[in-house]
Amino acid sequence: MTVYFIGAGPGAADLITLRGQRTLAACEVCLYAGSLVPTELLAECPPGARLVDTADLNLDQIVAEFARAHEEGRDVARLHSGDPSVFSAVAEQMRRLDALGIPYQIVPGVPAFAAAAAALGRELTVPTVGQTVILTRVARQATPMPEGEDLATLGRSGALLVLHLAARYVDSVVEELLPHYGADCPAAVVAMASRPDELVLRGTLGDIADQVKAHGVLRTAVILVGRTLGAEQFPDSHLYSTDRCR
């Protein structure tokens, strides 16, 4: 018996990986976040599979489902939105599984920031403009940020910032980043990336907050701020240069 933490992707059901789809189809138990994971994916589960929506469950209750499946000898598909490597809360689940001696594996998925970049039609790293992407969030009604990871500190890097779980706090995000990026710095917000109701807002750090509030964006969105979002004049990458290919 194994618990498989599967990245379900950013929203569109067909953005799950082949490995994720095949693993899901082989598990007799599926735990999924009903508010975030596309329900179409549940059709991939085998007939008679036990389906458990974890939206209203706490960690103890989720772990109890793992333990029950372990006792029954049934593999578990634990569906998480996006990719399990960032902002997925799998670390605490794996820690509990380690303590119980229950084996697990991770199946990567398409992260939200990648789907947002695709929606914007942008590469997030551009030669001489920006080669660093910082994935972060803000601390409001969530676990406090570690020392040195506040926006004011991260903003000093000038790197492209991708903020998760921050749309409802867009005013404070802008306030903290303006001194480092300037009001004319390109900014964007992508809500419901890859889904039929996807919303893409483009602008600058000076006007993006007004757009977010005008469209009522509160959740399931990422904020992107950085010069690479508007880069047009830049040298070709060395990757395909004639000098490199000789």
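Where a number appears in this text, it was derived from the coordinates with a stated rule and is not lab data. Note that the coordinates shown come from a computational prediction; the quantities given were computed from them, not determined experimentally. Ideal geometry is used to build each Cβ from the backbone, glycine not excepted, and the neighbour counts take in all protein chains shown.
The length gained on full extension between residue 147 and residue 184, counted as 0.36 nm times the residue separation minus their Cα-Cα distance, comes to 10.5 nm. Across the chain, the longest run free of exposed loop sites, meaning GluC sites (Glu not before Pro) lying outside DSSP classes H, G, I, E and B with no more than 15 other Cβ atoms within 10 Å, spans 1-122.
If I build a Gaussian network model for the chain, linking alpha-carbon pairs within less than 10 angstrom, which residue out of 169, 32, 181 has the largest mean-square fluctuation? Result for the chain, Cα springs under 10 Å: 169 fluctuates most. Over the C-alpha trace of the chain, radius of gyration and Dmax come out as 20.1, 61 angstrom.
Segment 132-193 and segment 12-65 have Cα centres spaced 31 Å apart.
When shorter helices are ignored and each DSSP H run of at least 4 residues is given -39500 (n - 2.57), the per-residue value for the chain at 222 nm works out to -8000 deg cm²/dmol. The residues neighbouring residue 57, those whose beta-carbon lies less than 15 Å from its own, together hold a net charge of -1 under the Lys/Arg +1, Asp/Glu -1 convention. Restricting attention to the chain, close to 45% of DSSP beta bridges with both partner residues there are antiparallel. Modelled this way, with points 7 Å down the Cα-to-C-beta line, the labels at residue 56 and residue 135 are 3.1 nm from one another. Pairwise inverse Cα distances across segment 112-230, averaged and inverted, put the Kirkwood hydrodynamic radius at 14.1 Å. Here segment 115-175 has an Rg and Dmax of 12.7, 37 Å, counting Cα atoms alone.
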